Amino acid sequence: MKRYILLLVALFLATAGFAQNAATLKRTISKEERRSDIKDRLLHERRSDLEQSRDGGITSTTVLSEDFSKFTAGSEDAPDTTPLDNIEDGTISDEYFNTPGWLGFEVYQAGGCAFLDVNGETGMLITPNVNTDGNVTIKCRAKAASAEGDYFCYNLLNEYSEPLTIEYVYIPGNEWVDVEFTTVGIENSYVILFTMYDAVFVDDIEIIKHTIPAPTLLPETNITSTGFTANWNAVEGVDEYYFLLFAKHTAQYDETYFFVDYDFSDIESEGTETDPEVPEDLSCEYGAWFAFLPVFANGTLGISGEFSEQEYYGYFSSPEYDLSSSNGTFNISLSLKGNTDDYVVVNLFNKEGELACNQSISLPNDEWNEFSFPMENGDEKSAIEIIYYGNSYLFLDNFKIYQELPTGTRVTTPLIQTLCYNTSVGVNVQEQYKYDELFYQIYCVKNIYSYDSETSEYYVSGAMYSDLTEPRFVTLSPESIGDLDTQSPAFAYFNEGQINIFNPENEMVSIYSINGVCVYSATTNDAVGLNLAKGTYIVKIGEKVIKAVND
(Lines give C-alpha, C1' and ligand atoms only; values in the text may rest on other atoms or scores of the structure.)
Protein backbone atom coordinates (compact mmCIF):
# COMPACT_ATOMS: atom_id res chain seq x y z
CA MET A 1 0.00 0.00 0.00
CA LYS A 2 2.82 2.43 0.88
CA ARG A 3 4.40 1.86 -2.52
CA TYR A 4 1.11 2.53 -4.23
CA ILE A 5 0.63 5.79 -2.31
CA LEU A 6 4.21 6.77 -3.05
CA LEU A 7 3.67 6.22 -6.74
CA LEU A 8 0.51 8.30 -6.75
CA VAL A 9 2.30 11.12 -4.98
CA ALA A 10 5.25 10.81 -7.34
CA LEU A 11 2.96 11.02 -10.35
CA PHE A 12 1.24 14.04 -8.88
CA LEU A 13 4.54 15.77 -8.17
CA ALA A 14 5.94 14.95 -11.55
CA THR A 15 2.82 16.29 -13.23
CA ALA A 16 2.91 19.44 -11.09
CA GLY A 17 6.62 19.81 -11.68
CA PHE A 18 6.05 19.21 -15.38
CA ALA A 19 3.47 21.98 -15.61
CA GLN A 20 5.48 24.38 -13.50
CA ASN A 21 8.74 23.68 -15.30
CA ALA A 22 7.08 23.86 -18.69
CA ALA A 23 5.73 27.31 -17.88
CA THR A 24 9.12 28.40 -16.58
CA LEU A 25 10.87 27.07 -19.65
CA LYS A 26 8.40 28.75 -21.96
CA ARG A 27 8.98 32.06 -20.21
CA THR A 28 12.75 31.58 -20.20
CA ILE A 29 12.89 30.60 -23.84
CA SER A 30 10.82 33.62 -24.85
CA LYS A 31 13.22 35.83 -22.93
CA GLU A 32 16.18 34.30 -24.68
CA GLU A 33 14.55 34.88 -28.04
CA ARG A 34 14.24 38.57 -27.18
CA ARG A 35 17.66 38.96 -25.63
CA SER A 36 19.79 35.84 -26.08
CA ASP A 37 23.03 37.53 -25.04
CA ILE A 38 21.97 37.71 -21.37
CA LYS A 39 21.66 33.97 -20.98
CA ASP A 40 25.31 33.27 -20.29
CA ARG A 41 25.57 36.29 -18.02
CA LEU A 42 22.58 35.45 -15.85
CA LEU A 43 22.03 31.71 -16.07
CA HIS A 44 25.70 30.81 -15.68
CA GLU A 45 27.25 33.50 -13.56
CA ARG A 46 30.69 32.00 -13.20
CA ARG A 47 32.41 29.75 -15.70
CA SER A 48 35.51 27.61 -15.72
CA ASP A 49 37.55 26.01 -18.49
CA LEU A 50 38.65 23.30 -16.06
CA GLU A 51 37.03 20.11 -14.93
CA GLN A 52 35.84 19.93 -11.32
CA SER A 53 38.80 19.78 -8.93
CA ARG A 54 39.65 16.62 -7.04
CA ASP A 55 37.96 16.02 -3.72
CA GLY A 56 41.12 16.13 -1.57
CA GLY A 57 39.97 16.32 2.05
CA ILE A 58 36.34 15.68 1.12
CA THR A 59 35.00 12.21 1.85
CA SER A 60 32.64 10.83 -0.81
CA THR A 61 30.56 7.68 -0.34
CA THR A 62 28.31 6.01 -2.90
CA VAL A 63 25.03 5.12 -1.19
CA LEU A 64 23.19 3.77 -4.25
CA SER A 65 24.22 2.75 -7.77
CA GLU A 66 22.51 1.08 -10.68
CA ASP A 67 24.09 0.22 -14.06
CA PHE A 68 21.01 -1.53 -15.56
CA SER A 69 23.17 -4.47 -16.64
CA LYS A 70 20.13 -6.70 -16.04
CA PHE A 71 18.06 -4.75 -18.57
CA THR A 72 19.11 -7.19 -21.30
CA ALA A 73 16.10 -7.11 -23.62
CA GLY A 74 15.76 -4.65 -26.49
CA SER A 75 18.31 -2.06 -27.58
CA GLU A 76 18.72 1.68 -27.86
CA ASP A 77 17.57 1.49 -31.48
CA ALA A 78 14.59 -0.73 -30.57
CA PRO A 79 13.66 -0.68 -26.86
CA ASP A 80 11.69 -3.65 -25.55
CA THR A 81 7.95 -3.10 -25.80
CA THR A 82 6.99 -4.78 -22.50
CA PRO A 83 6.80 -2.34 -19.56
CA LEU A 84 8.58 -3.51 -16.42
CA ASP A 85 6.43 -1.56 -13.98
CA ASN A 86 3.31 -3.09 -12.48
CA ILE A 87 0.34 -1.04 -13.64
CA GLU A 88 -1.39 -1.53 -10.27
CA ASP A 89 1.27 -0.26 -7.87
CA GLY A 90 4.29 0.78 -9.94
CA THR A 91 6.58 -1.89 -8.51
CA ILE A 92 9.32 -3.39 -10.66
CA SER A 93 10.66 -6.87 -9.99
CA ASP A 94 13.88 -6.83 -7.96
CA GLU A 95 15.46 -9.24 -10.46
CA TYR A 96 16.20 -6.30 -12.74
CA PHE A 97 18.19 -4.24 -10.22
CA ASN A 98 21.32 -4.49 -8.11
CA THR A 99 19.38 -3.00 -5.16
CA PRO A 100 15.77 -4.07 -4.43
CA GLY A 101 12.84 -1.72 -4.01
CA TRP A 102 12.65 0.28 -7.25
CA LEU A 103 9.39 1.67 -8.63
CA GLY A 104 8.56 3.35 -11.90
CA PHE A 105 6.17 4.25 -14.63
CA GLU A 106 6.60 3.58 -18.36
CA VAL A 107 9.95 1.85 -17.76
CA TYR A 108 11.35 -0.42 -20.51
CA GLN A 109 14.56 -2.38 -21.14
CA ALA A 110 16.90 -1.07 -23.83
CA GLY A 111 19.89 -3.40 -24.00
CA GLY A 112 21.78 -2.42 -20.84
CA CYS A 113 20.02 0.86 -20.09
CA ALA A 114 16.54 2.03 -19.08
CA PHE A 115 14.09 3.61 -21.49
CA LEU A 116 11.53 6.00 -19.97
CA ASP A 117 8.73 6.41 -22.47
CA VAL A 118 5.92 8.95 -22.62
CA ASN A 119 2.58 7.39 -23.55
CA GLY A 120 0.18 10.04 -22.34
CA GLU A 121 1.99 9.97 -18.98
CA THR A 122 5.49 10.90 -17.87
CA GLY A 123 8.04 8.08 -17.71
CA MET A 124 9.93 7.92 -14.43
CA LEU A 125 12.17 5.87 -12.14
CA ILE A 126 11.87 5.94 -8.33
CA THR A 127 14.77 4.73 -6.20
CA PRO A 128 14.43 2.61 -3.08
CA ASN A 129 14.50 4.47 0.24
CA VAL A 130 17.98 5.94 0.52
CA ASN A 131 19.89 7.98 3.09
CA THR A 132 20.73 11.30 1.40
CA ASP A 133 21.38 13.22 4.62
CA GLY A 134 23.91 16.02 3.97
CA ASN A 135 25.57 17.02 0.68
CA VAL A 136 24.40 14.72 -2.11
CA THR A 137 25.19 14.39 -5.80
CA ILE A 138 22.75 12.53 -8.04
CA LYS A 139 24.56 11.40 -11.18
CA CYS A 140 23.54 9.48 -14.26
CA ARG A 141 23.91 9.35 -18.01
CA ALA A 142 20.97 10.38 -20.14
CA LYS A 143 20.03 10.69 -23.81
CA ALA A 144 16.88 12.16 -25.32
CA ALA A 145 15.08 9.96 -27.82
CA SER A 146 14.00 13.03 -29.79
CA ALA A 147 16.55 14.71 -32.04
CA GLU A 148 15.36 18.04 -30.63
CA GLY A 149 16.53 17.10 -27.12
CA ASP A 150 14.52 17.25 -23.94
CA TYR A 151 14.57 18.33 -20.31
CA PHE A 152 15.46 15.69 -17.76
CA CYS A 153 14.25 16.21 -14.19
CA TYR A 154 14.49 14.95 -10.65
CA ASN A 155 12.40 15.18 -7.47
CA LEU A 156 13.62 14.45 -3.96
CA LEU A 157 10.91 13.24 -1.57
CA ASN A 158 11.04 12.58 2.16
CA GLU A 159 9.71 9.40 3.77
CA TYR A 160 6.22 10.94 3.90
CA SER A 161 6.30 11.51 0.13
CA GLU A 162 6.58 15.27 0.58
CA PRO A 163 8.69 17.09 -2.03
CA LEU A 164 11.98 18.68 -0.96
CA THR A 165 13.57 19.78 -4.23
CA ILE A 166 12.93 19.67 -7.96
CA GLU A 167 15.39 20.49 -10.73
CA TYR A 168 15.79 19.96 -14.47
CA VAL A 169 18.55 20.08 -17.08
CA TYR A 170 18.54 20.17 -20.87
CA ILE A 171 19.93 17.08 -22.64
CA PRO A 172 20.55 16.89 -26.40
CA GLY A 173 19.01 14.29 -28.66
CA ASN A 174 20.84 11.18 -29.88
CA GLU A 175 23.84 11.88 -27.64
CA TRP A 176 24.68 10.46 -24.22
CA VAL A 177 25.59 13.16 -21.69
CA ASP A 178 26.53 13.14 -18.03
CA VAL A 179 23.82 14.60 -15.80
CA GLU A 180 24.58 15.78 -12.28
CA PHE A 181 22.24 17.24 -9.66
CA THR A 182 23.51 18.50 -6.31
CA THR A 183 21.27 18.97 -3.32
CA VAL A 184 21.04 18.67 0.45
CA GLY A 185 19.03 15.63 1.40
CA ILE A 186 17.64 13.88 4.48
CA GLU A 187 18.06 10.49 6.13
CA ASN A 188 15.01 8.77 4.60
CA SER A 189 14.28 9.85 1.03
CA TYR A 190 13.34 8.79 -2.46
CA VAL A 191 14.81 10.14 -5.70
CA ILE A 192 12.57 10.37 -8.76
CA LEU A 193 14.11 10.75 -12.22
CA PHE A 194 11.70 11.63 -15.00
CA THR A 195 11.43 13.14 -18.46
CA MET A 196 9.55 16.30 -19.24
CA TYR A 197 8.26 16.12 -22.81
CA ASP A 198 9.51 13.03 -24.64
CA ALA A 199 11.17 9.66 -24.05
CA VAL A 200 14.63 9.49 -22.47
CA PHE A 201 17.29 6.80 -22.06
CA VAL A 202 18.92 6.56 -18.59
CA ASP A 203 21.99 4.65 -17.43
CA ASP A 204 24.59 4.45 -14.63
CA ILE A 205 22.65 6.10 -11.82
CA GLU A 206 24.79 6.91 -8.77
CA ILE A 207 23.88 8.73 -5.56
CA ILE A 208 26.92 10.00 -3.66
CA LYS A 209 27.10 11.55 -0.19
CA HIS A 210 29.90 14.03 0.51
CA THR A 211 31.29 14.98 3.91
CA ILE A 212 33.25 18.22 4.03
CA PRO A 213 35.20 18.98 7.22
CA ALA A 214 34.78 22.42 8.74
CA PRO A 215 37.95 24.54 8.89
CA THR A 216 39.99 24.82 12.09
CA LEU A 217 40.02 28.38 13.41
CA LEU A 218 43.35 29.96 14.36
CA PRO A 219 44.08 32.92 16.66
CA GLU A 220 43.19 36.36 15.33
CA THR A 221 45.92 38.74 14.22
CA ASN A 222 46.12 42.50 13.60
CA ILE A 223 43.63 43.21 16.39
CA THR A 224 43.00 46.95 16.62
CA SER A 225 40.33 49.23 18.02
CA THR A 226 38.33 48.94 14.81
CA GLY A 227 38.85 45.41 13.52
CA PHE A 228 40.94 42.25 13.27
CA THR A 229 42.09 39.52 10.90
CA ALA A 230 40.44 36.11 11.21
CA ASN A 231 42.56 33.07 10.29
CA TRP A 232 41.90 29.38 9.73
CA ASN A 233 43.51 26.23 8.33
CA ALA A 234 42.92 25.29 4.71
CA VAL A 235 40.62 22.35 3.89
CA GLU A 236 41.94 20.40 0.94
CA GLY A 237 39.62 20.17 -2.04
CA VAL A 238 37.29 23.09 -1.28
CA ASP A 239 37.08 26.19 -3.46
CA GLU A 240 35.96 28.93 -1.09
CA TYR A 241 35.15 29.75 2.51
CA TYR A 242 32.19 31.73 3.78
CA PHE A 243 32.86 34.10 6.67
CA LEU A 244 30.11 35.37 8.97
CA LEU A 245 30.59 38.03 11.66
CA PHE A 246 27.91 38.75 14.28
CA ALA A 247 27.36 41.23 17.12
CA LYS A 248 25.43 40.06 20.17
CA HIS A 249 23.82 43.16 21.67
CA THR A 250 22.04 43.70 25.00
CA ALA A 251 19.90 46.82 25.43
CA GLN A 252 21.22 48.63 28.53
CA TYR A 253 18.08 50.77 28.66
CA ASP A 254 15.03 51.41 26.49
CA GLU A 255 16.85 52.31 23.31
CA THR A 256 16.61 52.73 19.55
CA TYR A 257 18.84 50.06 18.06
CA PHE A 258 20.18 50.19 14.51
CA PHE A 259 20.41 46.80 12.83
CA VAL A 260 21.64 48.51 9.67
CA ASP A 261 23.34 51.88 9.31
CA TYR A 262 25.01 52.09 5.90
CA ASP A 263 26.22 55.36 4.40
CA PHE A 264 28.33 53.53 1.75
CA SER A 265 31.19 55.98 2.32
CA ASP A 266 33.65 53.09 2.09
CA ILE A 267 32.78 52.46 -1.58
CA GLU A 268 35.64 53.98 -3.53
CA SER A 269 35.01 54.11 -7.25
CA GLU A 270 35.74 56.25 -10.28
CA GLY A 271 32.12 55.74 -11.26
CA THR A 272 29.57 58.52 -11.01
CA GLU A 273 25.80 58.62 -10.80
CA THR A 274 25.62 59.44 -14.51
CA ASP A 275 28.35 56.98 -15.49
CA PRO A 276 28.59 54.31 -12.77
CA GLU A 277 31.17 51.56 -12.55
CA VAL A 278 29.70 48.27 -13.76
CA PRO A 279 31.56 45.30 -12.22
CA GLU A 280 32.23 42.11 -14.15
CA ASP A 281 30.45 40.04 -11.53
CA LEU A 282 26.68 40.17 -11.51
CA SER A 283 26.53 40.21 -7.73
CA CYS A 284 28.43 41.35 -4.66
CA GLU A 285 28.23 41.37 -0.88
CA TYR A 286 28.09 44.58 1.10
CA GLY A 287 28.31 44.09 4.84
CA ALA A 288 25.91 41.23 5.47
CA TRP A 289 23.75 42.09 2.45
CA PHE A 290 23.73 40.72 -1.10
CA ALA A 291 23.34 42.87 -4.22
CA PHE A 292 22.27 41.46 -7.60
CA LEU A 293 23.22 43.55 -10.65
CA PRO A 294 25.16 46.14 -8.62
CA VAL A 295 26.85 49.27 -9.94
CA PHE A 296 29.08 51.69 -8.06
CA ALA A 297 29.48 55.42 -7.79
CA ASN A 298 31.94 56.92 -5.35
CA GLY A 299 30.37 56.74 -1.90
CA THR A 300 27.15 55.03 -2.94
CA LEU A 301 25.77 51.69 -4.08
CA GLY A 302 23.63 51.39 -7.17
CA ILE A 303 21.39 48.74 -8.72
CA SER A 304 21.15 48.29 -12.48
CA GLY A 305 17.87 48.03 -14.36
CA GLU A 306 19.60 46.98 -17.59
CA PHE A 307 17.72 43.68 -17.80
CA SER A 308 14.36 44.80 -16.41
CA GLU A 309 12.67 44.37 -19.78
CA GLN A 310 13.68 40.70 -19.63
CA GLU A 311 12.24 40.51 -16.08
CA TYR A 312 15.67 40.14 -14.46
CA TYR A 313 15.39 42.75 -11.72
CA GLY A 314 18.27 44.05 -9.64
CA TYR A 315 17.85 43.86 -5.89
CA PHE A 316 19.54 44.36 -2.52
CA SER A 317 18.69 41.64 0.02
CA SER A 318 19.43 41.10 3.69
CA PRO A 319 20.44 38.20 5.90
CA GLU A 320 18.06 37.18 8.69
CA TYR A 321 17.44 39.71 11.48
CA ASP A 322 15.61 39.26 14.76
CA LEU A 323 12.92 41.93 14.41
CA SER A 324 10.49 40.35 16.86
CA SER A 325 10.70 43.13 19.50
CA SER A 326 8.09 45.92 19.67
CA ASN A 327 5.49 43.46 18.37
CA GLY A 328 7.46 43.16 15.13
CA THR A 329 7.24 46.87 14.29
CA PHE A 330 10.42 48.55 13.04
CA ASN A 331 11.43 51.43 10.79
CA ILE A 332 13.35 51.86 7.55
CA SER A 333 14.84 55.10 6.25
CA LEU A 334 16.90 55.54 3.11
CA SER A 335 17.81 57.97 0.36
CA LEU A 336 17.11 56.96 -3.22
CA LYS A 337 17.97 58.45 -6.59
CA GLY A 338 16.76 57.21 -9.96
CA ASN A 339 14.52 58.44 -12.73
CA THR A 340 11.11 60.06 -12.31
CA ASP A 341 8.41 57.43 -11.75
CA ASP A 342 10.94 54.63 -11.20
CA TYR A 343 9.34 51.93 -9.09
CA VAL A 344 10.96 50.43 -6.00
CA VAL A 345 9.49 47.82 -3.65
CA VAL A 346 10.71 46.97 -0.13
CA ASN A 347 9.61 43.47 0.91
CA LEU A 348 9.71 41.86 4.34
CA PHE A 349 9.72 38.05 4.51
CA ASN A 350 9.00 36.12 7.71
CA LYS A 351 10.68 32.99 9.05
CA GLU A 352 8.44 30.85 6.83
CA GLY A 353 9.69 32.68 3.75
CA GLU A 354 6.29 34.29 3.22
CA LEU A 355 5.73 37.95 2.38
CA ALA A 356 4.84 39.62 5.69
CA CYS A 357 4.80 43.30 4.71
CA ASN A 358 5.89 45.52 1.85
CA GLN A 359 6.24 49.17 0.89
CA SER A 360 6.04 50.54 -2.66
CA ILE A 361 7.92 53.68 -3.65
CA SER A 362 7.53 55.74 -6.81
CA LEU A 363 10.35 58.24 -7.26
CA PRO A 364 8.90 61.75 -7.68
CA ASN A 365 11.86 63.11 -9.67
CA ASP A 366 15.41 62.30 -10.75
CA GLU A 367 17.04 63.87 -7.67
CA TRP A 368 17.96 62.40 -4.30
CA ASN A 369 14.85 61.79 -2.18
CA GLU A 370 14.58 60.68 1.43
CA PHE A 371 12.04 58.06 2.49
CA SER A 372 11.09 56.83 5.95
CA PHE A 373 8.35 54.38 6.83
CA PRO A 374 7.36 51.77 9.43
CA MET A 375 7.20 48.05 8.71
CA GLU A 376 5.17 45.46 10.58
CA ASN A 377 5.13 41.71 11.24
CA GLY A 378 8.84 41.29 11.87
CA ASP A 379 9.85 38.05 13.59
CA GLU A 380 13.01 36.37 14.79
CA LYS A 381 14.07 35.40 11.25
CA SER A 382 13.07 38.36 9.11
CA ALA A 383 14.61 39.08 5.72
CA ILE A 384 14.33 42.32 3.74
CA GLU A 385 14.60 42.85 0.00
CA ILE A 386 14.75 46.06 -2.03
CA ILE A 387 13.81 45.47 -5.68
CA TYR A 388 14.35 48.00 -8.48
CA TYR A 389 11.86 47.87 -11.36
CA GLY A 390 13.26 50.76 -13.40
CA ASN A 391 15.29 50.57 -16.59
CA SER A 392 18.25 52.77 -15.65
CA TYR A 393 20.07 52.93 -12.29
CA LEU A 394 18.87 53.19 -8.72
CA PHE A 395 21.28 54.59 -6.11
CA LEU A 396 20.98 54.04 -2.34
CA ASP A 397 22.43 56.05 0.52
CA ASN A 398 21.92 56.67 4.26
CA PHE A 399 20.21 53.30 4.64
CA LYS A 400 18.96 52.51 8.16
CA ILE A 401 16.85 49.80 9.78
CA TYR A 402 16.06 50.44 13.43
CA GLN A 403 13.75 49.29 16.19
CA GLU A 404 12.86 50.19 19.77
CA LEU A 405 14.39 47.63 22.17
CA PRO A 406 13.24 47.41 25.82
CA THR A 407 15.90 47.20 28.53
CA GLY A 408 17.51 43.78 28.71
CA THR A 409 16.51 42.71 25.19
CA ARG A 410 19.23 40.65 23.50
CA VAL A 411 19.60 40.45 19.73
CA THR A 412 22.25 38.93 17.49
CA THR A 413 22.95 41.02 14.40
CA PRO A 414 24.83 39.79 11.31
CA LEU A 415 27.50 42.35 10.39
CA ILE A 416 29.49 40.70 7.60
CA GLN A 417 28.78 37.73 5.35
CA THR A 418 31.27 37.23 2.55
CA LEU A 419 33.05 34.64 0.41
CA CYS A 420 36.80 34.28 0.92
CA TYR A 421 39.23 32.59 -1.44
CA ASN A 422 42.11 32.53 1.07
CA THR A 423 42.45 31.33 4.66
CA SER A 424 42.21 34.74 6.28
CA VAL A 425 40.06 37.83 6.07
CA GLY A 426 40.48 41.31 7.49
CA VAL A 427 37.33 42.90 8.87
CA ASN A 428 36.37 46.35 10.06
CA VAL A 429 33.69 46.80 12.71
CA GLN A 430 31.36 49.78 12.66
CA GLU A 431 31.60 52.10 15.66
CA GLN A 432 28.20 51.25 17.10
CA TYR A 433 29.02 47.53 17.35
CA LYS A 434 32.54 47.69 18.81
CA TYR A 435 31.40 47.15 22.39
CA ASP A 436 29.00 44.32 21.64
CA GLU A 437 30.00 40.68 21.98
CA LEU A 438 31.60 39.96 18.61
CA PHE A 439 31.88 36.43 17.24
CA TYR A 440 32.37 34.79 13.89
CA GLN A 441 31.87 31.44 12.15
CA ILE A 442 33.11 29.92 8.89
CA TYR A 443 32.05 27.12 6.58
CA CYS A 444 33.65 25.62 3.46
CA VAL A 445 32.21 25.78 -0.05
CA LYS A 446 32.86 23.18 -2.75
CA ASN A 447 31.63 24.31 -6.17
CA ILE A 448 29.89 21.92 -8.53
CA TYR A 449 30.67 22.35 -12.22
CA SER A 450 28.21 21.25 -14.90
CA TYR A 451 28.61 21.11 -18.64
CA ASP A 452 26.36 23.23 -20.83
CA SER A 453 25.98 21.30 -24.07
CA GLU A 454 24.48 24.35 -25.79
CA THR A 455 27.54 26.54 -25.14
CA SER A 456 30.15 23.76 -24.73
CA GLU A 457 31.32 25.28 -21.45
CA TYR A 458 31.50 24.35 -17.79
CA TYR A 459 29.69 26.54 -15.30
CA VAL A 460 29.13 26.64 -11.55
CA SER A 461 25.72 25.00 -11.17
CA GLY A 462 25.65 24.47 -7.43
CA ALA A 463 27.71 23.94 -4.32
CA MET A 464 28.26 21.71 -1.30
CA TYR A 465 28.96 23.01 2.18
CA SER A 466 30.62 21.97 5.40
CA ASP A 467 29.07 22.52 8.81
CA LEU A 468 29.64 25.87 10.49
CA THR A 469 32.51 26.13 12.92
CA GLU A 470 31.63 26.78 16.54
CA PRO A 471 31.25 30.52 17.31
CA ARG A 472 34.60 32.18 18.07
CA PHE A 473 34.40 35.33 20.19
CA VAL A 474 36.88 38.13 19.67
CA THR A 475 37.59 41.30 21.69
CA LEU A 476 38.93 44.39 19.98
CA SER A 477 41.93 46.31 21.28
CA PRO A 478 41.31 48.29 24.52
CA GLU A 479 42.29 51.40 22.56
CA SER A 480 38.75 51.31 21.30
CA ILE A 481 37.51 52.57 24.64
CA GLY A 482 40.06 55.30 25.16
CA ASP A 483 43.63 55.94 26.19
CA LEU A 484 44.27 53.84 29.29
CA ASP A 485 46.14 55.48 32.16
CA THR A 486 48.19 52.54 33.36
CA GLN A 487 49.74 54.56 36.24
CA SER A 488 46.45 54.94 38.11
CA PRO A 489 45.65 52.17 40.65
CA ALA A 490 41.90 52.66 40.16
CA PHE A 491 39.87 49.85 38.66
CA ALA A 492 36.29 48.60 38.27
CA TYR A 493 34.68 45.20 37.89
CA PHE A 494 31.33 43.42 38.10
CA ASN A 495 30.56 40.81 40.74
CA GLU A 496 27.19 39.04 40.68
CA GLY A 497 25.63 41.91 38.75
CA GLN A 498 27.04 44.61 41.06
CA ILE A 499 29.72 46.98 39.81
CA ASN A 500 32.55 47.60 42.26
CA ILE A 501 34.74 50.73 42.12
CA PHE A 502 38.24 51.02 43.60
CA ASN A 503 38.98 54.77 43.63
CA PRO A 504 41.78 55.48 46.18
CA GLU A 505 42.39 58.99 44.86
CA ASN A 506 38.72 59.93 45.27
CA GLU A 507 38.25 61.05 41.66
CA MET A 508 35.01 61.51 39.71
CA VAL A 509 33.48 58.22 38.51
CA SER A 510 31.32 58.06 35.38
CA ILE A 511 29.71 54.92 33.98
CA TYR A 512 28.61 54.83 30.34
CA SER A 513 26.63 52.34 28.30
CA ILE A 514 28.26 51.15 25.08
CA ASN A 515 26.13 53.70 23.22
CA GLY A 516 27.79 56.54 25.12
CA VAL A 517 24.91 57.30 27.49
CA CYS A 518 26.02 58.19 31.03
CA VAL A 519 24.11 56.00 33.52
CA TYR A 520 25.97 57.11 36.65
CA SER A 521 28.23 59.97 37.70
CA ALA A 522 29.49 60.62 41.26
CA THR A 523 32.51 60.35 43.53
CA THR A 524 32.65 56.91 45.11
CA ASN A 525 35.05 54.22 46.29
CA ASP A 526 32.62 51.37 46.83
CA ALA A 527 30.04 49.14 45.18
CA VAL A 528 27.59 51.16 43.12
CA GLY A 529 23.95 50.22 43.67
CA LEU A 530 22.72 50.21 40.08
CA ASN A 531 20.37 47.72 38.46
CA LEU A 532 22.30 47.42 35.19
CA ALA A 533 21.40 45.03 32.39
CA LYS A 534 23.94 42.48 31.23
CA GLY A 535 26.48 43.75 28.75
CA THR A 536 29.56 45.93 28.42
CA TYR A 537 30.07 49.26 30.19
CA ILE A 538 32.74 51.95 30.05
CA VAL A 539 33.89 53.22 33.44
CA LYS A 540 35.90 56.45 33.67
CA ILE A 541 37.68 57.08 37.01
CA GLY A 542 39.44 60.41 36.75
CA GLU A 543 41.45 60.08 33.54
CA LYS A 544 41.51 56.29 33.56
CA VAL A 545 39.11 54.44 31.24
CA ILE A 546 38.13 50.84 31.98
CA LYS A 547 35.88 48.35 30.20
CA ALA A 548 33.75 46.24 32.57
CA VAL A 549 31.44 43.40 31.48
CA ASN A 550 28.31 42.41 33.38
CA ASP A 551 27.71 38.81 32.33
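The values are calculated or read from the model by the stated rules, or taken from the named source; none is laboratory data. Predicted model, so just to flag it, every value in this text is computed and none were measured. Neighbour counts run over all protein chains shown; Cβ positions are idealised from the backbone, glycine included. Ligands, DNA and RNA are excluded from the accessible area calculation, which covers all protein heavy atoms including side chains. Shrake-Rupley method; radii C 1.70, N 1.55, O 1.52, S 1.80 Å.
Couple of notes before you dig in:
- Criterion violated by PRO374 - all others in (1) of a type outside the set (Asp, Glu); (2) surrounded by fewer than 19 Cβ atoms within 10 Å (Cβ to Cβ); (3) in a strand (DSSP E or B); (4) free of Cβ contacts under 8 Å to residues at least 40 places away in the same chain satisfied: (4)
- Matching residues in segment 342-368 - criterion: being under 24 Å from THR300 (Cα atoms), open to solvent by 20 Å² or more (accessible area, probe 1.4 Å) and either aliphatic (A, V, I, L, M) or touching a Gly at 6+ places or on another chain (Cβ under 9 Å) (or both): TYR343, ASP366
- Count - residues of segment 181-205 that are open to solvent by less than 60 Å² (accessible area, probe 1.4 Å) and closer than 25 Å to PRO79 by Cβ: 14
Every residue, every condition in (1) in contact (Cβ under 8 Å) with a residue 12 or more places away in the chain; (2) of a type in the set (Phe, Trp, Tyr); (3) assigned to a strand (DSSP E or B), yes or no:
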position: ILE207; (1), (2), (3): yes, no, yes
position: ALA234; (1), (2), (3): yes, no, no
position: VAL238; (1), (2), (3): yes, no, no
position: PHE246; (1), (2), (3): yes, yes, yes
position: THR272; (1), (2), (3): yes, no, no
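- Qualifying residues in segment 419-440 (those that are buried (at least 18 other Cβ atoms within 10 Å of the Cβ) and assigned to a strand (DSSP E or B)) - the one farthest from the chain's Cα centre (by Cα): GLU437
- Residue check for THR412: modelled with pLDDT of 80 or more, under 25 Å from LEU532 (Cβ atoms) and in a strand (DSSP E or B): yes
- When ASP133, ASP178, ASP150 are screened for being buried (at least 17 other Cβ atoms within 10 Å of the Cβ) and among the acidic types (Asp, Glu), only ASP150 passes.
- Yes/no for ASN339 being assigned to a helix (DSSP H, G or I) and surrounded by fewer than 20 Cβ atoms within 10 Å (Cβ to Cβ): no
- Unique residue being more than 19 Å from ASP366 (Cβ to Cβ), open to solvent by less than 10 Å² (accessible area, probe 1.4 Å) and of a type in the set (A, V, I, L, M, F, W, C) when the list is LEU301, LEU282, LEU323, LEU334: LEU323
- Only one entry in SER269, SER225, SER265, SER304 is under 15 Å from TYR393 (Cα atoms) and among the hydroxyl-bearing types (Ser, Thr, Tyr), namely SER304.
- For segment 209-234, filtered to residues that are of a type in the set (A, V, I, L, M, F, W, C) and open to solvent by 20 Å² or more (accessible area, probe 1.4 Å), the residue that is farthest from ASN447 (Cα to Cα) is ILE223.
- Applying the condition of being crowded, with 18+ Cβ neighbours inside 10 Å and modelled with pLDDT under 95 to segment 390-409 and asking which residue is nearest to SER308 (Cα to Cα) yields GLY390.
- Within segment 502-537, the set of residues being aliphatic (A, V, I, L, M), surrounded by fewer than 20 Cβ atoms within 10 Å (Cβ to Cβ) and under 27 Å from LYS248 (Cβ atoms) comprises ILE514, VAL517, VAL519, ALA527, VAL528, LEU530, ALA533.
- The single condition among (1) in a strand (DSSP E or B); (2) open to solvent by 40 Å² or more (accessible area, probe 1.4 Å); (3) aromatic (Phe, Trp, Tyr) that PHE316 does not satisfy is (2).
- Just one of the listed residues (LEU218, LEU244, LEU193) is within 30 Å of TYR512 (Cα to Cα) and not charged (D, E, K, R), namely LEU244.
- The combined condition, being open to solvent by 50 Å² or more (accessible area, probe 1.4 Å) and either within 33 Å of the chain's Cα centre (by Cα) or at pLDDT 90 or above (or both), is not fulfilled by GLU106.
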